[in-house]
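Visitor: The following block contains the structure, expressed as structure tokens.
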Amino acid sequence: MDSDQLEKYRGQLELLRTEIQADLDASKEASEVVELDTSIGRLSRMDAMQNQQMALELRRRQEQQLQRIANALKRMDKETYGLCGKCKQPISKDRLEVSPDVVMCVRCA
Ligand SMILES: [Zn+2]
């Protein structure tokens, strides 16, 4: 991969990382433990807990994505970026274009 391309993907990854981090910061409150407030009814409490579960699930996925981004940036430094983690063949440009943090090629994924 040429360095122009690499820098382009690096830029995308860093932007993505910033966005996800901002999202995580913003959703921190939503995923905090629901107080068992007796002033709200049982149903709204269940609602609140369900919303919290969804917020936690989203955060978990975002944290995993942050990890994938960090790994992709590390691979850039090691000059293995864009190569499939399994078969070591180059990952198609189209695939990297859509998700620059992808680890495996279409065939291996
Ligand atoms: Zn592969």
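None of the figures in this text is laboratory data; all of them are computed from the coordinates on show. Note that this is a predicted model, so its numbers are computed, not measured. Backbone-built Cβ (ideal geometry, glycine too); neighbour counts: all protein chains shown.
Visitor: Residue by residue through region 63-80, what is 3J(HN,Hα) from phi via Karplus (6.51 cos²θ - 1.76 cosθ + 1.60, θ = phi - 60°)? Round to whole Hz and write x for glycine and proline.
Guide: So the Karplus estimates, Gly and Pro as x, are 5, 5, 5, 4, 5, 5, 5, 4, 5, 4, 5, 5, 5, 4, 5, 8, 6, 10 Hz.
Visitor: Next question, about the same structure. Can you compute the modelled spin-label distance between Thr80 and Ala26, with each label point 7 Å from Cα toward Cβ, in nm?
Guide: Those two pseudo-labels are separated by 3.5 nm.
Visitor: Rounding to the nearest 10 and keeping the result within 0 to 90°, find how far the Cα-based axis of helix 3-27 lies from the longest principal axis of the chain.
Guide: The angle comes out near 10 degrees.
Visitor: From the residues Ala72, Ala48, Leu58, which one has its Cα farthest along the dipole of the chain in the positive direction, the dipole being from +1 and -1 charges on Cβ of Lys/Arg and Asp/Glu about the Cα centre?
Guide: It is Ala72.
Visitor: Taking the Cα centre of the chain as origin, sum charge times position over the Cβ atoms of Lys and Arg (+1) and Asp and Glu (-1), and report the length of that vector in debye to the nearest 20.
Guide: Numbers: 18 positive and 19 negative charges, 135 e Å.
Dipole size: approximately 640 debye.
Visitor: Under the rule of at least 5 residues apart or a separate chain, name every residue whose amide H is placed under 5 Å from the amide H of Asp101.
Guide: Those qualifying (amide H under 5 Å, at least 5 residues apart or on another chain) number zero.
Visitor: Note down the Stokes-Einstein diffusion coefficient of region 3-81 in µm²/s, whole number, using a Kirkwood radius over alpha carbon pairs, 25 °C, and 0.890 mPa s. List each step's numbers first, then the result.
Guide: Numbers: Rh = 14.7 Å.
In µm²/s, the coefficient rounds to 167.
Visitor: Another one. For region 43-48, in order, what is each residue's ³J(HN,Hα) by Karplus, 6.51 cos²θ - 1.76 cosθ + 1.60 with θ = phi - 60°, in whole Hz (x at glycine and Pro)?
Guide: 5, 5, 5, 5, 4, 4
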